[in-house]
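Only one structure is covered here, and it is reproduced in the block below.
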Amino acid sequence: MIFLKAIFILFFYSLETYEVNPKIIFDPLFIMQTLKGEKKKVWITKKINSNFPKIGNLTFAPQFPLLILEEKEIEDNLLQCIKKEIKNPQNCFKYTKDDDEDIVYIRFPRKLRPLTEEFSTTQDIKRLFTKIKESSSEIGAKEARDVFRVSGKGVAIGIIDTGIRWNSDFITYKIRDSITRDFGSSKNFSKIALIWDQENENYENGFTYPSGFTYGLECKFPSRRDSFFGKNECPHTDKEGHGSHITGIMAMEEENSGEIGVSPESLFIFVASSMYEPDVIEAVKYIFSRADEFKLPAVINISLGGHFGPHDGTSLFEMELKKFLGKGKIIVAAAGNEANKNIHIGGKFSGTLSAVVDVRGDCEVQFWFPLDSGISLKVDFFGNSAEVKKGERKILVDSHPKIAIVDFGGGADFPFQYLGYSFSNSKEGAVFASSEIFGHQAVIWLNIPGQKRIDGWISSDPSNCSFLNQGDIKPTPEGTISVPGTSQDIIAVGSYDISSEKGNLSRFSSWGFEESEFIKPNIVAPGEIIYSLCPNDDSALCGGRGTSQSTPHVSGAVALALERNPSLTPSEIIQALCSGAKKDDFTGYQANNKWGCGKLYIPSFLSSITPQSKPQRQKDINYETLYEKIGGKKYAVLSINSQTPFRVISAGNQYYDMGWSTKHELYFDSFPQNVEIEFADGEIKKLNIQTGGIDVGTCGCFVSGKNALFPFLIQILLIFIATRIIMILFERRT
């Protein structure tokens, strides 16, 4: 798939007029991939020397050269050259002296992980909805909706996750017309207005990729009702269940118990992602662009995370996400479940000290030091030893498929230090990485001149490796907040327990740094055990535990805030969350690196949001009337469409609860005199319907018109003309 549109040319080792580029930096995982002979897509980053813009208007946005990114597959001739020149792979890249765009960095994209600790299921629906009410009551969701008269209406909520079971009964709007009366009430609209499945390219049934992108499959306003009318249903499914569970916490609605999610009337946009960084960035771009088309503010829920980069908000991934943030554009991310996973070492140290890593598969460890720290590394692993200082890379193991490498070439994330300035808050990075090696320990010696701050993270899947307590530097829960939640302008959500240890911080909930320019996590919310949608069917609900589950509580709350004021910025939302946070003996009464500002409490959060009136925008709305015969019975069909999503709230004396869509078709015994609709931004409009309609008999086709009168007159005219022709022919024969 193509990542961001790039405007650069990658010059290969072919033309003699080009010179070697000495500045290009390589991600160690890319070097390992090349040694293994694998051909995968990589991130290529360029800087433009002539332009030094500032990103957006966000807090402390750094000055840096404009970066142009592309995700592409390295050509065979270049791959072979790099493998041959593995000690000096920059020799394979050429550039002209006049070219003011330099390739800076080639990086293998990292994959984020769902941040749920566990799932459980039960058949006791009644008990489960009691549990859901516990979570809702804990954060004051219903009270806030009642007092402030908000429900998330007029706000888009984006979810980037594994997938969504869009046709669940618990996240559908009901249709009450003559078709549902005669053929069953289960034919309804999903609350998920748009779905982009980034990995599905099955275009056999007329589906295709979304406008502005060149891959994946988009479903617009999917409905279970489609199959009833012989249309193709959205082919997307949630194979893992994580995304469905997260979405249900915000969108769920259960008719019998009356219990609903935090922000039940929002317009939901879902991206089923591969979860690699470039695809997540594309997903953010898609959601915000679609919200802009609908003229709605948007909050995006990312219950995913990783541990690549310096964890200070300056990773390449986080800086790309920051470009999208601003007024009415908010991202909420899970803080992480690694407080008890031994994935981080850190602190101020001096001398020669060891850190020990238990390697159980593909393992990557990233270290970050102050710029020009003078630190050097020595790694003992798999019977080999290698020592590196800044600017060096050594291959420890090269016996395919077993590979190990230690790299202090600056490739831990996005190193600008060799270009005369630092992109990563005056830090430099080193990496130890291995592939296909199991059951061994790596002893990493750090030679630290003077007292320096050092941090190391297991940046690969924690199940494949972890820090051990045998080393001089012990693992610590401090600094375990997941990327992208480490960004200052992205809201990071921790988890606390409302079940067994009621009120206490979840043992897994990641901690921030004690000494930091800004507090992380920002806030905590209920994260165990939270019940929501299961991956397979609606016969039961599933319990989930993790900061994945706490995050949608906050995303839903942000949607309620954006309904009150659609122009809120990330910093304003964070400030309001902090001022409204609940504090107790568990949280302490000062913001800290475990609890952030405290526990989410929506009523006090919303009370600090000053309502802002929404401008009324001109909207188009059209309707068509006709008759259609289904199952031997004739129905009056009212088709209403607009470019702005809307729902039908009443037709005649009947009430309809239809989902947000740009087109609705209602089936009646006879046409209502008027229909009341509500646009997604909250504006209500009444349509006076001219009765009539064209009878399309049993052909199943549709005749369109603004109302019934004009097509009716046309039909009368055609009948008159046909009659006259027949009469003339008859007179000629006689």
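Scanning the stretch 613-635 for residues that are outside any strand (DSSP E or B) and at pLDDT 90 or above turns up just one, 621. Is at least one residue of the stretch 281-300 out of contact with any Phe, Trp or Tyr (no Cβ under 7 Å at 6 or more places or on another chain), within 29 Å of residue 475 (Cβ to Cβ) and touching a residue at least 24 places away in the same chain (Cβ under 8 Å)? Checked against the condition, which is being out of contact with any Phe, Trp or Tyr (no Cβ under 7 Å at 6 or more places or on another chain), within 29 Å of residue 475 (Cβ to Cβ) and touching a residue at least 24 places away in the same chain (Cβ under 8 Å), the stretch 281-300 yields no hits at all.
Using the structure shown, decide if residue 249 is within 21 Å of residue 212 (Cα to Cα) and of a type in the set (A, V, I, L, M, F, W, C). Give the derivation first.
Working: within 21 Å of residue 212 (Cα to Cα): no; of a type in the set (A, V, I, L, M, F, W, C): yes.
Here the answer is no, as residue 249 does not meet what is asked.
Can you say whether residue 24 is open to solvent by 20 Å² or more (accessible area, probe 1.4 Å) and either under 32 Å from the mean Cα position of the chain (by Cα) or at pLDDT below 65 (or both), as far as the supplied structure shows? Taking the combined requirement at face value, the residue does not satisfy it.
Scan the stretch 643-682 for residues that are within 15 Å of residue 267 (Cα to Cα) and open to solvent by 20 Å² or more (accessible area, probe 1.4 Å) and jot them down. Those that are within 15 Å of residue 267 (Cα to Cα) and open to solvent by 20 Å² or more (accessible area, probe 1.4 Å): 643, 644, 657, 662, 663, 681, 682.
Only residues that are open to solvent by less than 10 Å² (accessible area, probe 1.4 Å) and either part of a helix (DSSP H, G or I) or touching a His at 6+ places or on another chain (Cβ under 9 Å) (or both) were counted in the stretch 154-170, giving 4. Take the conditions (1) among the β-branched types (Val, Ile, Thr); (2) surrounded by fewer than 20 Cβ atoms within 10 Å (Cβ to Cβ); (3) more than 30 Å from residue 140 (Cα to Cα); residue 640 misses just one of them, which is (2). Condition check: surrounded by fewer than 24 Cβ atoms within 10 Å (Cβ to Cβ), in contact with a Gly (Cβ under 9 Å, 6 or more places away or on another chain) and among the charged types (D, E, K, R). Does residue 199 satisfy that? So residue 199 passes the test. The sole residue among 306, 261, 241, 216 that is open to solvent by less than 10 Å² (accessible area, probe 1.4 Å), over 30 Å from residue 346 (Cβ atoms) and at pLDDT 95 or above is 216. Scanning the stretch 469-484 for residues that are under 28 Å from the mean Cα position of the chain (by Cα) and crowded, with 22+ Cβ neighbours inside 10 Å yields 479, 480, 481, 482, 483, 484.
Filter the stretch 327-356 for residues that are of a type in the set (A, V, I, L, M, F, W, C) and more than 30 Å from residue 559 (Cα to Cα); which is surrounded by the most Cβ atoms within 10 Å (Cβ to Cβ)?
Pass one, the stretch 327-356, residues of a type in the set (A, V, I, L, M, F, W, C): 330-335, 339, 343, 345, 349, 353, 355-356.
Narrowing further to those that are more than 30 Å from residue 559 (Cα to Cα): 343, 345, 349, 353, 355-356.
Details: 343: 26, 345: 28, 349: 18, 353: 16, 355: 24, 356: 20.
The extreme case among them is 345.
Evaluated against (1) in contact with a strand residue (DSSP E or B) (Cβ under 6 Å, 6 or more places away or on another chain); (2) part of a helix (DSSP H, G or I); (3) at pLDDT 90 or above, residue 145 falls short on exactly one condition, (1).
Every residue, every condition in (1) at negative phi; (2) open to solvent by less than 20 Å² (accessible area, probe 1.4 Å); (3) under 33 Å from the mean Cα position of the chain (by Cα); (4) of a type outside the set (A, V, I, L, M, F, W, C), yes or no:
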site: 446; (1), (2), (3), (4): yes, yes, no, no
site: 453; (1), (2), (3), (4): yes, no, yes, yes
site: 486; (1), (2), (3), (4): yes, yes, yes, yes
site: 492; (1), (2), (3), (4): yes, yes, yes, no
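Taking the stretch 636-667 on its own, how many of its residues are outside any strand (DSSP E or B) and within 18 Å of residue 155 (Cβ to Cβ)?
First, pick out the residues of the stretch 636-667 that are outside any strand (DSSP E or B): 652-653, 656-660.
Now narrow it down to the ones that are within 18 Å of residue 155 (Cβ to Cβ): 659-660.
The total comes to 2.
Go through the residues of the stretch 312-324 one by one and say whether even a single one is part of a strand (DSSP E or B) and either open to solvent by 20 Å² or more (accessible area, probe 1.4 Å) or within 30 Å of residue 597 (Cβ to Cβ) (or both).
No, because not a single residue in the stretch 312-324 is part of a strand (DSSP E or B) and either open to solvent by 20 Å² or more (accessible area, probe 1.4 Å) or within 30 Å of residue 597 (Cβ to Cβ) (or both).
In the set (1) modelled with pLDDT under 80; (2) open to solvent by 40 Å² or more (accessible area, probe 1.4 Å); (3) in contact with a helix residue (DSSP H, G or I) (Cβ under 9 Å, 6 or more places away or on another chain), the condition left unmet by residue 10 is number (2).
Filtering the stretch 360-380 to residues that are in a strand (DSSP E or B) and surrounded by fewer than 22 Cβ atoms within 10 Å (Cβ to Cβ) leaves 360, 370, 376, 378, 380. Residue-level check: of (1) in contact (Cβ under 8 Å) with a residue 12 or more places away in the chain; (2) open to solvent by 10 Å² or more (accessible area, probe 1.4 Å), residue 268 misses just (2).
Looking only at the stretch 221-236, decide whether some residue is acidic (Asp, Glu) and surrounded by fewer than 23 Cβ atoms within 10 Å (Cβ to Cβ).
yes
The values are calculated or read from the model by the stated rules, or taken from the named source; none is laboratory data. Owing to the predicted nature of the structure, the values given are computational and were not obtained by experimental measurement. No Cβ is skipped: glycine too gets one built from the backbone with ideal geometry, and neighbour counts run over all protein chains shown. Protein only, heavy atoms only, side chains kept; ligands, DNA and RNA dropped before computing areas. Shrake-Rupley method; radii C 1.70, N 1.55, O 1.52, S 1.80 Å.
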